[in-house]
Structures are given as C-alpha cells and as structure tokens.
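A short write-up of the structure that comes next.
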Amino acid sequence: MSPPWCLSLVFLLGMASEGISCPSRCSCQYLEVNCTGQQLQEFPLDIPLDTRQLILAANNVSYLPAVELSFLADLVYLDCRKNLLGDDLDFTFIGVAKLVYLDLSFNNLTQVTFSTFSHLLSLVVLKISDNPNLVAIEKDAFANNTWLRHLDVSRTGLTFLDTSTMRDLPNLRLLGLSDNLWHCNCSFLDFITWMMESDVHFPDADNITCYTPAGLRALRMPAAEAQLHSSCLTQLHKQDYVFLCLVGFCIFLAGTTAAWLAGICAVIYEAHASKGEEEEEEEEDTFKTKTFRSPGSHWFFLLFRLQW
C-alpha cells in the first residue's frame, strides 16, 4: 500500500494536469506536447508555457512564429521534421535559447545563415537533412553553436562546405554528409583533407561521394582527395604557363630597363665629374699665369718655394 503523501502527490498532479490547456488535436503529458501527424496547417495555439518538449512532426506547418515560440522559454526539444518550413528562418529561434535538440529534416529549407541558429547557444543536436532545396550554408553559420555535437546535412542540395564552418565547432563528434551533390574541385580539397584528418565520425561514409565533375562522380572522399592532390597541387594548366611566361618576361624587362637607366646615370655622373675636374685645372693654370707675370711675382715665387 502506498504512503498517504504519495497518494496526495498523485492526486495533486492529476488535478494540475486537468487544469492545463492542451492544443486541439494534440496530446499533452507532463512538460510535453505531441502533435504528430495531425495535418496541422499552422503552429498550434494554447501550448502550455512550461513545455519542455514540443513535437510537431508530420504536419503541414510552413511557418514558425518567433513571438509564439519565445513564450516557450523553457523549451529544450523541438521536433519539426516532415513539414513545409521554407525560405527564411532567420531570428525564428531568438526566444528559445535553452533549446538543446532541433530537428528540421524533411522540410523546404533553402539556406542557413548566421542569423538562423546563432541564438541557440545550448544546441547539441541539429538535424537539417533531407532538405533538397538547401543549397547554401554560410561559412560562419554555426559560429555561436560551440556545444553542437551532432549535425546532419545529408541528402540536401549542398555542393560545397567551407572548412572554417566545421572548425567553428570544437565539440562536433558526428557529421552527416551522405548523398549530397558535392562538387569535388580544388576549392573543395581543403574540406576533404579536414574530413580525413579530423576525429569526427561520418555515418554512412560509403555514400559521401563526389557528384561533379563527371570524371570523379561516385568517387568516395579518400580516393577523391588523392585525385585532387595530383591535379590541383602538381599540374599546371595552359593558362598557368602563359601567366608564368608573362611574369618572367615582365621581370626580365624590368631588370633590363633598370640596368639601362643605371648605366645612363653612371655615364652622366662620370661626364659631369670629368668636366668639373677640367674646369678646376683651367682655373688653377690661369691663376698661376696671372700670379707669375705680375710685378714682384718672383718674390712671391721665392716665398712660395721657401714655404714648401
């Protein structure tokens, strides 16, 4: 038989749960609201303000109102997978800074900017996979999400990721990248090298392959890295040779011109110095001639000899 205080606690919790409002077509438990698969067109109203876990999966919600979300200040778990969320989510999550888990997979996201998740300083798990229209993630998009450990961007329209985007995540342990349209060119080589050297786990790694160019299609990342190292770091294209020839010619022309100018300056200086010496000699000869031909010059000459 249960103690009397335990029965009283159960009774009080039951009374409290009966007094808590619950959105239409949703089920509510203690700190949890579940609206899965209810064909909702809009974000549900009357969600209890102390809700910690909100599940809106498999509906037709196309917009998350930032104001209504901000009322749920204690929310830590938000599941919005399989909805119609689209273009602009910037500043949507500004009022739910305690959020730890966020699932936005199977939606219509098109881009992720710095303002999309920058207010989620406690975020640990972020799933944005299966968004076929997601084509861009800004390089500083996760700069504030330093606690992020699990990030999934599989099966999207991404063709490129900047290496610095991942280096902003010191606690990242799992990164989903499979079945994307990766463009394996020389610009992507740095990211592939980071993948090979990092301690991050890549689930479904066999399906992380190049989509373009055609010569590397379906090639897994380790093999792609070897190919790109060979083509990007050791071989030069025709335009590279033309550029190097132009640079060499410009250096040769500049050196020749500098030597020519230096030679002209030397010749002018030497001519000017020789002319100055000749003028000094002429002035000295003239002085001697005038001196020795003047009256009493022989006394001056004798005095000059005695001094020397």
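The values are calculated or read from the model by the stated rules, or taken from the named source; none is laboratory data. In this text, all values refer to a predicted model and were calculated from it rather than measured experimentally. As a convention, Cβ positions derive from the backbone with ideal geometry for all residues, glycine included, and neighbour counts pool all protein chains shown. We work out accessible area using only protein heavy atoms, side chains counted, and drop any ligands, DNA or RNA first. Shrake-Rupley method; radii C 1.70, N 1.55, O 1.52, S 1.80 Å.
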Practice prompt. Please find the FRET efficiency linking THR212 to ASP140, where r is the Cβ-Cβ separation and R0 is fixed at 22 Å, and quote it to the nearest 0.05.
Written response: 0.30
Item to complete: Over 18 Å, how big is the tail of the calculated P(r) for the range 12-128, in percent of all Cα pairs?
Response: 48
Worksheet entry | 5 angstrom amide H check on ALA136, placed H, neighbours 5+ away | VAL112
Worksheet item: Running Debye on the range 71-215 with equal point scatterers at the Cα sites and no solvent, what base-10 log of I(q)/I(0) appears at q = 0.09, 0.14, 0.16, 0.20 Å⁻¹?
Response: -0.26, -0.63, -0.82, -1.31
Item to complete: Provide the per residue accessible area, probe 1.4 Å, for the range 27-181, rounded to a whole number of square angstrom.
Response: 43
Response to the item:
Length gained if LEU121 through ASP50 is fully extended, taking 0.36 nm per residue and subtracting the Cα-Cα distance, is 23.6 nm
Worksheet entry | Calculated FRET efficiency for the pair PHE114/THR257, C-beta based, R₀ 35 Å, to 0.05 | 0.10
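Local charge sum around ASP140 (other residues, Cβ-Cβ under 14 Å, Lys/Arg +1, Asp/Glu -1)?
On the way: positive: LYS139, ARG167; negative: ASP90, GLU138, ASP162, ASP168.
After counting each charged neighbour, the total is -2.
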Practice prompt. Calculate the length of the line joining the C-alpha centroid of the range 163-204 to that of the range 25-77, in whole Å.
Written response: 33
Worksheet item: In whole percent, what relative contact order does the range 27-181 give with Cα contacts below 8 Å and a gap of six or more residues?
Response: 15
Worksheet item: So how much slack lies between ASN171 and ALA223, counting 0.36 nm per residue of separation and subtracting their Cα-Cα distance, in nm?
Response: 16.0 nm
Discussion item. Can you tally the net charge around THR209? Count Lys and Arg as +1, Asp and Glu as -1, for every other residue whose Cβ sits under 15 Å from the Cβ of THR209.
Written reply: -1
Worksheet entry | Distant-in-sequence amide H partners of THR209 (H built 1.01 Å from N, under 5 Å) | ASP179, ASN180
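With r defined as the distance between the Cβ atoms of SER24 and SER230 and R0 fixed at 45 Å, what FRET efficiency is calculated, to the nearest 0.05? Intermediate values should be presented prior to the final figure.
Numbers: r = 62 Å, r/R0 = 1.37.
E(calc), rounded to 0.05, equals 0.15.
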Response to the item:
Expressed in square angstrom to the nearest 10, the accessible area of ILE94 with a 1.4 Å probe stands at 90
